[in-house]
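Novice: Quick one: the structure is below, questions incoming.
Just so it is clear, none of the values below were taken in a lab; they were calculated from the coordinates. None of these values were measured; they are calculated from a predicted model. We place every Cβ from the backbone using ideal geometry, glycine too, and count neighbours over all the protein chains shown.
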Amino acid sequence: MIAVISKMKYRHYPIFLALLMCLGGISCNSENKSKKLELDPEAHVKAAAVRTFERGKILDPLSIQLQSDESCALYLPKGYLTGYTWPTILFFDPKGQGHKPLELYRDLADEFGFILIGSNFSKNGEPMEQILKHINSLKQDLPAGIKIDPFRIFLIGFSGGARVAVAEAMANSDVAGVVGCGAGFPQLRAGVELNFNYMAMVGRQDFNYAEFAILDRELNARGSDHMLIEFEGKHAWPDKEQMLEAFKWMTVYSYSQREVIDMTLMDSLYKSDVKHLLNIENSEDLRAIVQFYKKMVALYKGLAKVEKQEKRLEMLINSSAYRTYEAELSTVLSEEMKLSNISKEIENQSNSLVKNSRQRLLAYLSISTFIQADAALKRGLLPRAGKLLYVLKLVDPKNPDYYYLSAKLALKQGKKDQSIEFLKEATKYGFDDWETVKGEHVFDPIRSYINTIQQTI
């Protein structure tokens, strides 16, 4: 995963520095899933009147009084107390499923003490102007009795929702920080200052991975102090363990802005990172090691002694092994960006000869990659099939056969729900070869769902 963190301002606490010598730990053990609570249309008014909301339960949908046709999902941590202001995270899912990130990260909210709010309105395809108006309603129209700290409002979005979070932070100065997952900025215009802390997360197999190489260069050119942390994963919401890094970051920032610090928690965060750093040093992933050192220096500088980490980081960055790796990665990403930019080049190409040439190239790459991916699946070479399908989506994202083969791969990996979603997408883009699907035993575990999909066509 890639995490981009801008430089944060900290206060200095001598007592805190002394307490950092004590060992601590982090525990996020709750795995219990919440039951969705269906509220009636007047739930907002009724709840506001009595000021009672269940802690530790996801409330969804919760109507927004200023926008009667819009709603959100709400989660109050188990330790929530009225009468206090609380740091708050607004979530933006690309499909408008506000409950989804709350279900994923409710344990982290309990551990670190955050109110979670998931938008049910913000989704891909909605006009940005309407989404920003909706976000304002979310912040202004919380039910009575729920108090958020106006100086500790964080935004977290995935895919198109990540771009929404950045757009909101650029438009309003009340945002303390943004965590963008799987996508970068909507547009990084010259002269636009970034008045918010920024962390971006992306998996190494995410089709938007190369986008962050460009974002990295642009932020570097602006003099923004940031870092990149990667993890093994595709285009999806990060899991709880991966999102833990974002909650650490938001927590350190939140407490650094206050007079009262939870010393036990802060000490635990620092010491757990020190312990993890010792473990990661034994791995062969040099890039991950460098990025974790960058994270520690950026997060704790001014709060703890990080001189040793800074020296080690400088030595690693200047090593020949790291420079060789970075050069190779740059070459690979350059080729990847060429592939992903061919479609845009075709749209903007006025020369018909060049345009036809690019279209032929894409067509060749599409059919060639499909044939190889299909063969890899038949031979059981799943990692190879996954890489080829990644390329196929780059060059031909609307090809129904991409989704058909991805459904087969998902089933071979035991991911039935994901396979069903891929088949739905295949149908959306015109897939109709159901006779072939009927004869493939790999689809037997979801045969009833396939019949349902066919009936909806």
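Novice: Specify, per residue and in Å³, the volume enclosed by the convex hull of the alpha carbon atoms belonging to the stretch 339-455.
Specialist: Output value, Cα hull per residue: 103 Å³.
Novice: If R₀ is 41 angstrom, what is the calculated FRET efficiency for the pair Lys275 and Ala236, using the beta carbon separation as r and rounding to 0.05?
Specialist: Computed FRET efficiency for Lys275 and Ala236 comes out at 0.90.
Novice: What's the percent breakdown of Cα-Cα distances in the stretch 106-147 across 5 Å bins, shortest bin first?
Specialist: 5, 18, 22, 18, 19, 12, 5, 0
Novice: Highest mean first, what order results for 389-398, 153-162, 305-314 on Cβ atoms within 10 Å?
Specialist: Highest to lowest by the protection proxy: 153-162, 389-398, 305-314.
Novice: Then there is this: Could you give the nm distance between label points at Arg55 and Asn341, where each point is 7 Å from its Cα heading toward the beta carbon?
Specialist: Calculated label separation equals 5.3 nm.
Novice: While we're looking at this one, here's another question. Looking at the calculated P(r) for the stretch 265-382, what percent of the C-alpha pair distances fall above 16 Å?
Specialist: Here the tail beyond 16 Å accounts for 74 percent of pairs.
Novice: Moving on to the next point. Modelling each spin label as a point 7 Å along the Cα-to-Cβ direction, I'd like the Gln205/Leu361 distance in nm, to one decimal.
Specialist: Going by the 7 Å Cα→Cβ label model, 2.8 nm.
Novice: Chymotrypsin sites (Phe, Trp or Tyr not before Pro), restricted to the stretch 69-101: which are DSSP loop and have at most 14 other Cβ atoms within 10 Å?
Specialist: Here the chymotrypsin sites (Phe, Trp or Tyr not before Pro) that fit, given the DSSP loop and packing criteria, are Tyr84.
Novice: Going 7 Å from the Cα of Glu440 toward and past its Cβ, which residues in the stretch 356-381 have a backbone nitrogen under 14 Å from where you end up?
Specialist: Within reach of a label on Glu440, which here means backbone N under 14 Å from a point 7 Å along Cα→Cβ, the stretch 356-381 contributes 370-381.
Novice: Which three lengths, in whole Å and largest first, does the stretch 275-321 cover when its Cα atoms are put on their principal axes?
Specialist: 30, 22, 13
Novice: Which loop GluC sites (Glu not before Pro) in the stretch 125-212, with loop taken from DSSP, have no more than 11 other Cβ atoms within 10 angstrom of their Cβ?
Specialist: Working: sites: Glu129, Glu168, Glu193, Glu211; in loops: Glu193.
Sparse-neighbourhood loop GluC sites (Glu not before Pro): Glu193.
Novice: Another question, if that's okay. Placing +1 at every Lys and Arg Cβ and -1 at every Asp and Glu Cβ, with all other atoms neutral, what dipole size does the stretch 339-455 have around its Cα centre, in debye to the nearest 20?
Specialist: 340 debye
Novice: OK, next. Using only the Cα atoms, what convex hull volume per residue in Å³ does the stretch 303-354 have?
Specialist: 125 Å³
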